[in-house]
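Engineer: My questions all concern the structure below.
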Amino acid sequence: MRPRKDRSQETGDRRQEEGGLQSSGLDHIAIAVADLDRAVAFFRDILGLRHEGTEEVPTEGVKTAFFRAGAARIELVSPTAPGSAVSRFLERNGEGIHHIALRVDDIDAAMKSLKGAGLALTSDTPRPGAEGARITFIHPKSAHGVLVELKEEKE
């Protein structure tokens, strides 16, 4: 048996398993926080990460802050509406990792492929996300307990 090639150092390559999702890599890891200002200060002042900006995303009921962390980023998400998904997450779990986000070039094709494979998505159509992106989420029940965001960046 031939040893498998170590691909641990590959980043941003576009690999597609037979019929699988085509992703250009990890965009960010999102952390749900109750107090965005306190969390921004911690990640910026204590951890020394570069704060790239803060924005409100009304369609998701959150305010976000992005930080550069090497090739990927960290997104802090804090609820702005009591019934938002992040608000419910914080009530159930407290602060912590909320989701991971993968970049895709064509979110419509990605959604069609995933639905065809029988995966549950949280919406039938892409929604507006932070930074003008189009987004959707793979439901955790279809992704081994992990909420996975698919993000098509604004052109």
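Engineer: Given the -39500 (n - 2.57) contribution per DSSP H run of 4+ residues, what per-residue ellipticity at 222 nm results for the chain, rounded to the nearest 500 deg cm²/dmol?
Structural biologist: Mean residue ellipticity, 222 nm, calculated: -4500 deg cm²/dmol.
Engineer: What lysines could a cross-link reach from residue 63, if we take a straight Cα to Cα line under 26 Å and drop same-chain neighbours fewer than 8 places away?
Structural biologist: Straight-line reach from residue 63, under 26 Å: 141, 151, 154.
Engineer: Be a star and scan the stretch 112-155 for residues whose amide nitrogen sits under 14 Å from the point 7 Å along the Cα-to-Cβ vector of residue 105.
Structural biologist: 152-153
Engineer: Also, I was wondering about something else. Find out how many positive minus negative residues lie around residue 129, taking Lys and Arg as positive, Asp and Glu as negative, among other residues whose Cβ is under 11 Å from that of residue 129.
Structural biologist: With Lys, Arg at +1 and Asp, Glu at -1, the neighbours total -4.
Engineer: Less than 12 Å Cβ to Cβ from residue 44, Lys/Arg counted +1 and Asp/Glu -1: what total charge do the surrounding residues give?
Structural biologist: That works out to 0.
Engineer: While we're here: Would you list 113, 78 from fewest to most Cβ contacts within 10 Å?
Structural biologist: Details: 113 17, 78 25.
Fewest-to-most ranking of 113, 78: 113, 78.
Engineer: Can I ask one more? Each label point is 7 Å from the Cα along the Cα-to-Cβ direction; what then is the distance between the points at residue 144 and residue 92, in nm?
Structural biologist: In this crude label model, residue 144 to residue 92 measures out at 2.0 nm.
Engineer: Give, in nm to one decimal, the length gained when the segment between residue 55 and residue 24 is fully stretched (0.36 nm per residue of separation minus the Cα-Cα distance).
Structural biologist: Gain on extension, residue 55 to residue 24, equals 8.7 nm.
No value in this document is a laboratory result; all are computed from the given coordinates. Values in this document were obtained by computation on a predicted structure and should not be read as measured data. Positions of Cβ are backbone-derived with ideal geometry, glycine not excepted, and every protein chain shown enters the neighbour counts.
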